[in-house]
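Taking it in order: structure first as structure tokens, then the write-up.
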Amino acid sequence: MKENTTANEIYGYNGKMLMVDLTSRQSHWEAIPEDVLKKFIGGSGLGAYLLHKLCPTGIDALEPANPLIFVTSPLVGSRLTTSSKFAVVTKSPLTGFIGDSLSSSFMATELKKTGCDALVITGKSELPCLLSIDDGHVEFLEAHDLMGKTTSETEKAVKERMGHRTRVACIGPAGEKLVRFASITNDGGRQAARTGPGAVMGSKNLKAISVKGTHVVPVQDPDALNIIGDDLTQRSLGPATEKYRTLGTMANVSVFNRLGTLPTRNFQQSTFDEAESVTGEAMHQAHFVKNAHCANCTIGCEKILVTNDDGKKAQGRMEYESAFALGPLVGVADSNTVIRASTLCDELGMDTISTGVTLAWAMECSDKGLLTPDQTGGFSLSFGDGDALLEGIKLIAERRGIGNLLAEGSMRASRKVGQGSEAWAMQVKGLEMPGYEPRSLKTMA
């Protein structure tokens, strides 16, 4: 990255951030110092710096003063393959520490085109709010009509209102209910989900963000960038990415099962006897609709799957982490149920990993007699019960019955239930563990 000769400008950056206060409904621009942009090169790095600078010491993650920060990177908008990512950085309601969640989509490129490298949102709106950013112009719009809508319904409604070229980031019912692992959905169902940024967005009474812009960030050497881009594109279509182009990350289900690293039944086992029905190969053969490409990505590792049974049709994106958390981890071997569960999490706006791990903890509690139907309002959870899995997801999003406990995440839920259940709450500092068995992967840290 080479400096521009223009003062306070570096190629690849806008050099400024947009500061939005939902309480006062005011916004202003602030320059990002050149030395900061050099030391913290966009994304989670720049977001971590801004959170450290702007987040008051000791506040709760769901207090209005907690900044919700959307950050792009120098390569966003360059058209280099796999470069269109943005990070959401905030104090996590799950861990109480820094939380960052990444998403790849046109939301990243559109945010950059509004003229900012970072969008910093603080405060809490008195009324449900739709935040509109159009080429740097900010409006605080009323959003009562969006409340209670699923993520896809919200995005559709915002696009109808603001124009179909608009890119949208929003929360679903889970974010509105402050489920601690709620996600921020963007650009047609993509998720910024880990560490619970959707709960922070919901705590600010911010239902959705509408973004569009026309600003172009200068590039020092466009011809050289095009040459590098062509080379990366060719390499991205080579043998190293073949499994992701064909089966996607779901290919890891069968690989990890063979290696004994597939967490099963709340990490009680590292292989799943019925894994064959939820492998990438089986899901692709029975349910594949099409590939989905992130913005400016040539690989297309994301797969759109659809149910094929007699139940209500469900169609959505599927990745390994969702397949693991809503399949083997909870003992569910029915591929249609896994697809329904993943799609339901996306529509309600919840992280599939934390959802699956928290429900798996509850299932083990039920097996051990710590969560009886009398204690759960008649609701029974057990490994392998697909109907209970789907109902449990709904209860969490609505914070209804036992769902109100589970919406707190496995760490807090286990502390409340006690009786030793903390031992099988599979979390680290409050964040539920992803789909890798650490006892088999000796070097995992």
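The numbers here are math on the coordinates, done by the rules we state, and not lab data. Computed from a predicted structure; not experimentally measured. Heads up, the Cβs are rebuilt from the backbone with ideal geometry, glycines too, and the neighbour counts pull from every protein chain shown.
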>> Between Arg400 and Lys313, what is 0.36 nm times their sequence separation minus the Cα-Cα distance? Round to one decimal in nm.
In response: 28.8 nm
> Local charge sum around Ser382 (other residues, Cβ-Cβ under 13 Å, Lys/Arg +1, Asp/Glu -1)?
Replying inline: -3
> Let a ≥ b ≥ c be the square roots of the eigenvalues of the Cα gyration tensor of region 293-427; is it rounded (a/c under 1.5), or, if not, prolate (a/b larger than b/c) or oblate?
Replying inline: prolate
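Working out 0.36 nm times the residue gap between Val428 and Arg25, then minus their Cα-Cα distance, what length gain in nm do you get to one decimal? Write down the numbers at each step before the final one.
Details: separation 403, 0.36 × 403 = 145.08 nm, distance 3.69 nm.
Going from the current span to full extension adds 141.4 nm.
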> Roughly how many Å is it from the Cα centre of region 272-317 to that of region 92-136, as a whole number?
Replying inline: 29 Å
>> Can you tell me what percent of all Cα-Cα pairs in the chain are more than 33 Å apart?
In response: 35 percent
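Which shape class applies to region 330-407: rounded if a/c is under 1.5, otherwise prolate when a/b exceeds b/c and oblate if not, where a ≥ b ≥ c are the square roots of the Cα gyration tensor eigenvalues?
Values: a/c = 1.88, a/b = 1.29, b/c = 1.46.
Oblate, because a/c is 1.5 or more while a/b does not exceed b/c.
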> Which residue, Thr358, Thr372, Thr95, tops the fluctuation ranking in a GNM of the chain built on C-alpha contacts under 10 Å?
Replying inline: Thr372
> Which shape class applies to region 16-212: rounded if a/c is under 1.5, otherwise prolate when a/b exceeds b/c and oblate if not, where a ≥ b ≥ c are the square roots of the Cα gyration tensor eigenvalues?
Replying inline: rounded
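What is the calculated FRET efficiency for Asp60 to His215, with r their C-beta to C-beta distance and R₀ = 51 Å, to the nearest 0.05?
Efficiency at R0 = 51 Å is approximately 0.90.
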> How about region 395-444: which trypsin sites (Lys or Arg not before Pro) there lie in a loop by DSSP and see at most 13 other Cβ atoms within 10 Å?
Replying inline: Lys429, Arg439, Lys442
> Which net charge results when you count Lys and Arg as +1 and Asp and Glu as -1 among the other residues whose beta-carbon is under 15 Å from that of Val278?
Replying inline: -4
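Arrange Leu68, Leu102 by Cβ neighbour counts within 10 Å, fewest through most, would you?
Values: Leu68 25, Leu102 17.
Ranked by crowding around the Cβ, least crowded first: Leu102, Leu68.
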> Just from its helices, what would the mean residue ellipticity at 222 nm be for the chain, if runs of 4 or more DSSP H residues each count -39500 (n - 2.57) and the sum is divided by every residue, rounded to the nearest 500 deg cm²/dmol?
Replying inline: -9500 deg cm²/dmol
> Among Cys116, Cys301, which comes first, second and so on when ranked by fewest other beta-carbon atoms within 10 Å?
Replying inline: Cys301, Cys116
> Hey, what did the chain get for relative contact order, percent, Cα under 8 Å, at least 6 apart?
Replying inline: 14 percent
> If you check each cysteine of the chain for another cysteine whose beta-carbon is under 4.7 Å away, which ones come up empty?
Replying inline: Cys55, Cys116, Cys129, Cys170, Cys301, Cys345, Cys365
>> Compute, for the chain, the length of the dipole vector about the Cα centre, with Cβ point charges of +1 (Lys, Arg) and -1 (Asp, Glu) only. Units Debye, rounded to 20.
In response: 380 debye
